[in-house]
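Engineer: Quick one: structure below, then a few questions.
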Amino acid sequence: MRQERSGSQVNQSIAVSALLLAALFLLPLLVAAPFRSTLFEREEPVDETEREAPAPPFASGALDASRPLRVLDGAEVLEMDLGTYLVGVVRAEMPASFEQEALKAQAVAARTYTLYKLQSGGNHGEAADICTDHTCCQAYAGEDAARANWGEQAGAYEAKVEAAVRETDGETVLYGGVPILAVFHSASAGLTRAAGEVWVNDLPYLQAVDSPEPGDRIPNYYSRVEFTAEELKAKLQTAFPGADLSGGMEGWLKDPAADSAGSVDTLSVGGVTAKGTQVRSALGLRSACFTWEAQEGKMVFFVTGYGHGVGLSQYGAGAMAAAGADYREILTHYYTGVTVEPYRG
Ligand SMILES: [Zn+2]
């Protein structure tokens, strides 16, 4: 009996342990169950009438379709026609929430830039015509990536971008009958900058013009960056090895000369004459329209606008379109002395 009793006690404790073990494994399922049921609910079929019909794939207009392109995307070379490429560029280069005429101006500027690169040989030799790296050629976004970024607006935005390209089929900004270097930027400081003030060569069609920037509606239109003396010294010394940065930081940057757009054309960095654009890139500022001031032991930079400031301003184009300008008016405003027409050359 004793043995039987103790045997049944052993059996009981095994049974209890088994139950506890089972409970341990079941607990997560019990906790997860409510979430699983909501997941299942989400998978309920929706009313077919509410489901968006899949849009037909983009088809370029006749002129854009007649230009095959080899687009370097990372290590891969994608083959597509000019129109298909431009849809990817407009998706990536301008917020699709912008006015339709601004998107059309962006499409024509991107087409013009691409044709200029094709005619001037581009940056990729025999390997490709153009690439998807915005620091080299132009930004590019495939449809899936853009749709994921756009969320609920994806269908409407994709339709706007495709229409901007198709409705301007082949249209190009020309100066003297040839495609121009149609550079663009995000937001100027109220005036665009002449090419010669930013880069080495001046171009007759890239001159300073007024730009109606809606500053209060542009994210980070006015930005502020601060550096400790050590941080500032390290960055300036790397970019300008000849600069004498002895003494207090208040004396390191001197004698700023403004260009016609109010951006810093040149300044002295520790006795070395530098371009405002060089200091901009050395310090990672959003534009070369900046001032600086020592505050509480730090050097603070106040910056207006975003980008190099040359050519078409995207936010300025958006403001012009909102005020009723069409894409041709926008393009001929930002690019001096040009025409906008279908180009077959
Ligand atoms: Zn490139």
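Engineer: Of Met80, Met94, how do they rank once you tally other Cβ atoms within 10 Å and put the fewest first? Let's see the in-between values first.
Structural biologist: Details: Met80 16, Met94 25.
Ordered by Cβ neighbours within 10 Å, fewest first: Met80, Met94.
Engineer: If the cut-off is a Cα-Cα distance under 25 Å, which lysines reach Lys275, setting aside same-chain residues fewer than 8 apart in sequence?
Structural biologist: Output for Lys275: Lys233, Lys235, Lys254, Lys298.
Engineer: Kindly write out, for segment 131-146 in residue order, the coupling ³J(HN,Hα) from the Karplus curve 6.51 cos²θ - 1.76 cosθ + 1.60 (θ = phi - 60°), rounded to whole Hz, with x marking Gly and Pro.
Structural biologist: My calculation for segment 131-146 gives 10, 9, 8, 5, 7, 10, 10, 9, 5, 8, 10, x, 5, 5, 5, 5 Hz in order.
Engineer: What's the exposure ranking of Glu197, Glu126, going from fewest to most Cβ atoms within 10 Å? The partial results should precede the final answer.
Structural biologist: Numbers: Glu197 23, Glu126 6.
Lowest to highest Cβ neighbour count: Glu126, Glu197.
Engineer: Could you tell me the distance between the Cα centroids of segment 190-221 and segment 97-160, to the nearest Å?
Structural biologist: 21 Å
Engineer: What ranking do 212-218, 176-182 get when scored by the average of other Cβ atoms within 10 Å per residue, highest first?
Structural biologist: 176-182, 212-218
Engineer: Take the Cβ-Cβ distance between Asn123 and Asp326 as r, set R0 to 35 Å, and report the resulting FRET efficiency rounded to the nearest 0.05.
Structural biologist: Numbers: r = 32 Å, r/R0 = 0.92.
With a Förster radius of 35 Å, E is 0.65.
Engineer: Turning to a different aspect of this structure: Using the number of other C-beta atoms within 10 angstrom as an exposure proxy, rank Cys137, Cys289 with the fewest first. Could the numbers behind the result be given before it?
Structural biologist: On the way: Cys137 21, Cys289 25.
Placing the least packed residue first, the sequence is Cys137, Cys289.
Engineer: If we sort 145-151, 113-119 on the protection proxy, mean other Cβ atoms within 10 Å, highest first, what's the order? It would help to have the intermediate numbers written out before the result.
Structural biologist: Values: 145-151: 14.4, 113-119: 19.3.
The densest-packed peptide leads the list: 113-119, 145-151.
Engineer: Additional query: Does anything in segment 82-101 have its amide N under 17 Å from the 7 Å Cα→Cβ label point of Ala65, and if so which residues?
Structural biologist: The answer is 82-87.
Engineer: If we sort 56-68, 272-284 on the protection proxy, mean other Cβ atoms within 10 Å, highest first, what's the order? Spell out each step's value before the answer.
Structural biologist: On the way: 56-68: 14.9, 272-284: 17.5.
Most protected by this proxy first, the peptides run 272-284, 56-68.
None of the figures in this text is laboratory data; all of them are computed from the coordinates on show. Worth saying up front: this structure is predicted, and the values here are computed from it rather than measured. Heads up, the Cβs are rebuilt from the backbone with ideal geometry, glycines too, and the neighbour counts pull from every protein chain shown.
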